[in-house]
1. Mind checking region 1-83 for chymotrypsin sites (Phe, Trp or Tyr not before Pro) that DSSP puts in a loop (not H, G, I, E or B) and that have at most 11 other Cβ atoms within 10 Å?
2. Take peptides 94-103, 129-138 and line them up by average Cβ neighbours within 10 Å, highest first, as a rough protection proxy.
3. Suppose a student asked you for the relative contact order of region 11-140, using Cα pairs under 8 Å spaced at least 6 residues apart; what percent would you report?
4. Of Gln91, Val61, Ala46, which is farthest towards the positive pole of region 4-137's charge dipole, taken about the Cα centre with +1 and -1 on the beta-carbons of Lys, Arg and Asp, Glu respectively?
5. For the chain, treating each Cα as an identical point scatterer without solvent, what Debye log10 I(q)/I(0) comes out at q = 0.11, 0.12, 0.14, 0.20 1/Å?
6. I want the antiparallel fraction of DSSP beta bridges within region 4-137, as a percent rounded to 5.
7. Taking the chain as a Gaussian network, where each spring joins two C-alpha atoms under 10 Å apart, which residue of Arg43, Arg118, Arg75 fluctuates the most?
8. Under a GNM of the chain (C-alpha, springs under 10 Å), which listed residue has the highest mean-square fluctuation: Thr117, Thr63, Thr31?
Amino acid sequence: MTVPTRSWSFVVHGPPRGKGRPRFGQGHAYTDAKTVAYERTVRDAALLAMRGVFLEGPVAVDTLIVLPRPKRLMRKNDPDGLIWAPVKPDQSNVVKAIEDGLARHWKDDAQVCAESTRKVYAERGGVPRVEVTIRELASL
């Protein structure tokens, strides 16, 4: 069982975006502009929450990916709360974009030793977002 020491939480507002595939041009690979913009949004949200903290040891990252609720799930008999979302973007691609956006806060995303991710549709009247919690991990 891991014992957390410090933790930080923040919300990335807006529709979640998965990490785009590398693009190739002029002899090198590059990240598309929409992915770069999303990673910048993640970075800015994390900067406010973490206030310059730089993590060097193992960390756990927990994410709640909240997609916009489609109209087909707004019927009277549909639940008001969160509903599982088995649609694109892939949760692993969203997590990769989040982790790459956190590059200023750790040496490498290889430091992520524990992870928990859920991908859902927003609650009725809710907004799309990604809720992120980062925890330092102590010894096992």
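Derivation of every value follows stated rules applied to the coordinates shown; laboratory data play no part. Small disclaimer: the values here were computed from a predicted structure and weren't measured. Neighbour counts are summed over all protein chains in view; Cβ atoms, including those assigned to glycine, are modelled from backbone coordinates with ideal geometry.
1. The qualifying sites are Phe54.
2. Details: 94-103: 21.7, 129-138: 19.6.
In descending order of packing, they fall as 94-103, 129-138.
3. Values: 221 pairs, mean separation 57.2, N = 130.
Relative contact order comes out at 44 percent.
4. Gln91
5. Ignoring solvent entirely, the Cα scatterers give -0.45, -0.53, -0.70, -1.17.
6. Values: 21 of 31 bridges.
Percent antiparallel among DSSP bridges in region 4-137 is about 70.
7. Arg75
8. Thr31
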